[in-house]
1. Note down the net charge around residue 39, summing +1 for each Lys or Arg and -1 for each Asp or Glu among other residues with Cβ under 11 Å from its Cβ.
2. Tell me, what is the FRET efficiency for residue 27 and residue 49 to the nearest 0.05, using R0 = 25 angstrom and their Cβ-Cβ distance as r?
3. Any idea what the dipole of the range 15-69 comes to, in debye rounded to 20, about its Cα centre with Lys/Arg Cβ at +1 and Asp/Glu Cβ at -1?
4. Report in % the part of the accessible area of the range 4-46 that belongs to carbon and sulfur, leaving out ligands and nucleic acids; probe 1.4 Å.
5. Quick check: residue separation of residue 34 and residue 63 times 0.36 nm, minus the Cα distance between them. What number comes out in nm?
6. Can you tell me the alpha carbon radius of gyration of the chain divided by the globular rule-of-thumb value 2.2 N^0.38 Å?
7. Compare 54, 39, 29 in a GNM of the chain, Cα atoms joined below 10 Å, and give the one with the largest fluctuation.
8. Compute the accessible area per residue over the chain, keeping the other protein chains in place, probe 1.4 Å, unit Å².
Amino acid sequence: MAANVRGDLNDERLVELGQSGDIVALEILLSRKRPWVRLLASKFFMPGYTLDDLEQVGMIGLLEAIGRF
């Protein structure tokens, strides 16, 4: 399946493809959700952490959630 076709898929289908090992689908989903994760991360403060650190933790959490969805 071509990358541009995957980009037209909804999030649920991208999760299914990502869970079955489709790295491109996973990359599309993560890039699609990155602004949302960054927005959520910006609402938190943890001493010693930058916004980029919190975004990274959020993205890892999202990736773990995709694996368990």
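1. +3
2. The calculated FRET efficiency here is 0.50.
3. Once rounded to the nearest 20, the dipole reads 220 debye.
4. Within the range 4-46, the accessible surface is 60 percent carbon and sulfur.
5. Gain on extension, residue 34 to residue 63, equals 9.3 nm.
6. The value comes to 1.21.
7. Comparing 54, 39, 29 in a Gaussian network model of the chain, the most mobile one is 39.
8. Per residue, the chain has 71 Å² of solvent-accessible surface.
The values are calculated or read from the model by the stated rules, or taken from the named source; none is laboratory data. Since this is a predicted model, take the numbers as computed values, not measurements. We place every Cβ from the backbone using ideal geometry, glycine too, and count neighbours over all the protein chains shown. Note: accessible area is taken over every heavy atom of the protein model, side chains too, but ligands, DNA and RNA are not part of it. Shrake-Rupley method; radii C 1.70, N 1.55, O 1.52, S 1.80 Å.
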